[in-house]
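The structure under discussion appears below in the form of structure tokens.
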Amino acid sequence: MSGLFISFEGNDGAGKSTQAALLLDSLRKKGISAVSFREPGGTDISEKIREIILDNENYKMKYMTEALLYAASRCQLVGEKILPALKAGNVVICDRFLDSSVVYQGVGRNLGIDTIEEINRFATGGLKPDLTFFLHLEPSEGIERKRSDGELDRMENQKGYFFWKVYNGFMELAERENERIIKIEANRPPNEIAAEIEELAERFIAERGL
Ligand code: TYD
């Protein structure tokens, strides 16, 4: 695979989407071919699955149904968009990927990390990001940011302790996979965070000779 796969992870409201967009912009300005996607979503089919997952009316959804829907959305995104873009030599930026399922469904929903990894091996053929930026922000701050942005979706409407489990899950995962996952302090002005991410990403890209 000739491209490079970068993901952004973190609790709700940590600022991933902003940072993913800023990185895309800065890479393109430097003449590096890059594309970006969000999860769940990123293809027409995956966006439809996203609506089902996040709809507050779907409060009866079983945790395993939720995990399988995230995996189905990911399967479509990988096959339709990510693999072709990587094969064509692009930098692929993804706003969330497998780590979110490991942490939200595996840890937050207690489905177990092994189960989530197994489901996702089917869904993605084992694809993992080369580099992951984990935007570190305490969950209470993140949810406050979301609340001030407007109505909360089905996932954001979970109880506070769920987000602490997710937060602890990310912290443990970042420690376990510290070669791939870089922890970035997110409680700072967005341009300061973006500058740090840009520098790290560009160094990585240069090492890959892209
Ligand atoms: P996202 O659009 O990134 O929301 P936010 O901007 O609030 O971070 O993701 C939607 C929600 O889906 C978010 O609450 C995290 C959750 N999620 C999972 O639980 N598992 C997953 O595999 C993914 C990709 C997201």
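The values are calculated or read from the model by the stated rules, or taken from the named source; none is laboratory data. Since we're looking at a predicted model, the values are computed, not measured. Glycine also receives a Cβ, built like all others from the backbone with ideal geometry; neighbour counts cover every protein chain displayed. In case anyone asks, the SASA skips ligands and DNA or RNA and just uses the protein heavy atoms, side chains included. Shrake-Rupley method; radii C 1.70, N 1.55, O 1.52, S 1.80 Å.
I need the full set of residues from segment 16-27 which are more than 16 Å from the ligand (Cβ to nearest atom) and open to solvent by 20 Å² or more (accessible area, probe 1.4 Å), in order please. Step through it out loud before you land on a result.
Let us first name the residues in segment 16-27 that are more than 16 Å from the ligand (Cβ to nearest atom), namely 25-27.
ASP25, the sole residue that qualifies.
So for segment 155-163 (the condition being farther than 26 Å from ASP25 by Cα, surrounded by 16 or more Cβ atoms within 10 Å (Cβ to Cβ) and touching a Lys or Arg at 6+ places or on another chain (Cβ under 9 Å)), does at least one residue qualify? Break it down into steps so the answer makes sense when it comes.
Taking segment 155-163 as the starting set, the residues that turn out to be farther than 26 Å from ASP25 by Cα are 155-163.
If we keep only those that are surrounded by 16 or more Cβ atoms within 10 Å (Cβ to Cβ) as well, we get 155-156, 158, 162-163.
In the following step, the residues that additionally are touching a Lys or Arg at 6+ places or on another chain (Cβ under 9 Å) were identified as 156, 162.
Yes, segment 155-163 has at least one match.
Here ASP25 meets each of (1) closer than 15 Å to VAL91 by Cα; (2) acidic (Asp, Glu); (3) in a loop (DSSP other than H, G, I, E, B) with one exception, condition (3). Counting the residues of segment 51-99 that are without any contact (Cβ under 8 Å) to a residue 12 or more places away in the chain and either assigned to a helix (DSSP H, G or I) or open to solvent by less than 10 Å² (accessible area, probe 1.4 Å) (or both) gives 4. Counting residues in segment 133-146 that are within 11 Å of the ligand (Cβ to nearest atom) and open to solvent by 30 Å² or more (accessible area, probe 1.4 Å) gives one or more. Here LYS87 does not fit the description of being more than 16 Å from the ligand (Cβ to nearest atom), closer than 20 Å to GLU196 by Cα and of a type in the set (D, E, K, R). Counting the residues of segment 100-115 that are surrounded by fewer than 20 Cβ atoms within 10 Å (Cβ to Cβ), in a helix (DSSP H, G or I) and not hydrophobic (A, V, I, L, M, F, W, C) gives 2. Return the residues of segment 120-141 that are among the polar types (S, T, N, Q) and at pLDDT 95 or above; say none if nothing qualifies. Passing the criteria: ASN120, THR124, THR132. Evaluated against (1) at positive phi; (2) within 15 Å of the ligand (Cβ to nearest atom); (3) open to solvent by 50 Å² or more (accessible area, probe 1.4 Å), GLY13 falls short on exactly one condition, (3).
Checking segment 28-47 against the condition returns a match, with at least one residue being of a type in the set (Gly, Ala, Ser), open to solvent by 10 Å² or more (accessible area, probe 1.4 Å) and within 15 Å of the ligand (Cβ to nearest atom).
Being touching a residue at least 12 places away in the same chain (Cβ under 8 Å), within 14 Å of the ligand (Cβ to nearest atom) and either in contact with a strand residue (DSSP E or B) (Cβ under 7 Å, 6 or more places away or on another chain) or not in a helix (DSSP H, G or I) (or both) holds for only one residue in PHE162, PHE170, and it is PHE170.
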